[in-house]
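Okay, structure first, notes after.
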Amino acid sequence: MGRRGFVARVSVALGVAVLAGCGAASTETGRSAQAENAVANAPATTAAAPTTTTTPSISYQVKRGDTLTAIARFFGVSSSAIDAANQLGGGDRLTEGQVLQIPPSPPAGLSVTPPDGIAGMAFTFTVTGAKVGEAVTFQVVAPGGGTFSGSPHTAAQDGSVSASYRTDGDAAGKYDVVATGDRGTSLRSSYRLLG
């Protein structure tokens, strides 16, 4: 593999986004008589409701000397996520005995941008959902099996860390990117280098 390098970029989130999914039922109007008859005469079936695996929040009672930052680091979530979940209004002002709801850690993910490129381009690898302060190492695996590993980068308060990789001299093909953290994060993605 040719000359290349990693450049770390750690992102710090200033807010928390909460996404919720919902299902909506739709009805079809103007069915033909034949279609309605087929539905009426069809045997009864039962469809299983979709399952979701939402991790519930955890209750935590503040102890003397606790700070929001230390609690966030202990649970592997951002202090802004705990702040938002408890309407704390910012800052590290906690009271002994106060009960906080600790939101679940966001799911971990690894994105590569752009997904396709040519030799000489820089690709950006971004991990989200890593543990706060986790050291993440990116490894690029070439189509022929050769590897290149960068130095570790520390995940920010929001669990994100990014690195750039320049593809100078690399051959065309599919390259795998592996992100491994020292606290259990293990993710894989890929990009294609076009000839």
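Data table
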| quantity | calculated |
| --- | --- |
| Cα pair distances exceeding 18 angstrom across the stretch 143-195, given as percent | 38 |
| Spin-label model distance (nm) - ALA119 vs SER190, 7 Å beyond Cα toward Cβ | 2.1 |
| Å³ per residue enclosed by the Cα convex hull of the stretch 131-170 | 70 |
| For the stretch 77-195, fraction of C-alpha pairs farther apart than 19 Å, in % | 53 |
| Residues ARG73 and GLN139, FRET efficiency given R0 of 35 Å [Cβ-Cβ distance, rounded to 0.05] | 0.85 |
| In sequence order, calculated HN-Hα J values of the stretch 68-84 (Karplus, 6.51, -1.76, 1.60; Hz; x Gly/Pro) | 4, 4, 5, 5, 4, 4, 4, 8, x, 10, 7, 5, 5, 5, 5, 4, 5 |
| Förster-model FRET efficiency, 45 Å R0, ALA171 and GLN101, C-beta, rounded to 0.05 | 0.30 |
| Label point at ASP182 placed 7 Å out along Cα→Cβ; residues across the stretch 138-173 whose backbone nitrogen lies under 13 Å | 151-155 |
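Each value in this text was obtained by applying a stated rule to the coordinates, not by laboratory testing. Every value quoted in this text rests on a predicted model; they were computed, and no experiment measured them. With ideal geometry, Cβ positions are generated from the backbone for all residues, glycine too; neighbour counts draw on all protein chains shown.
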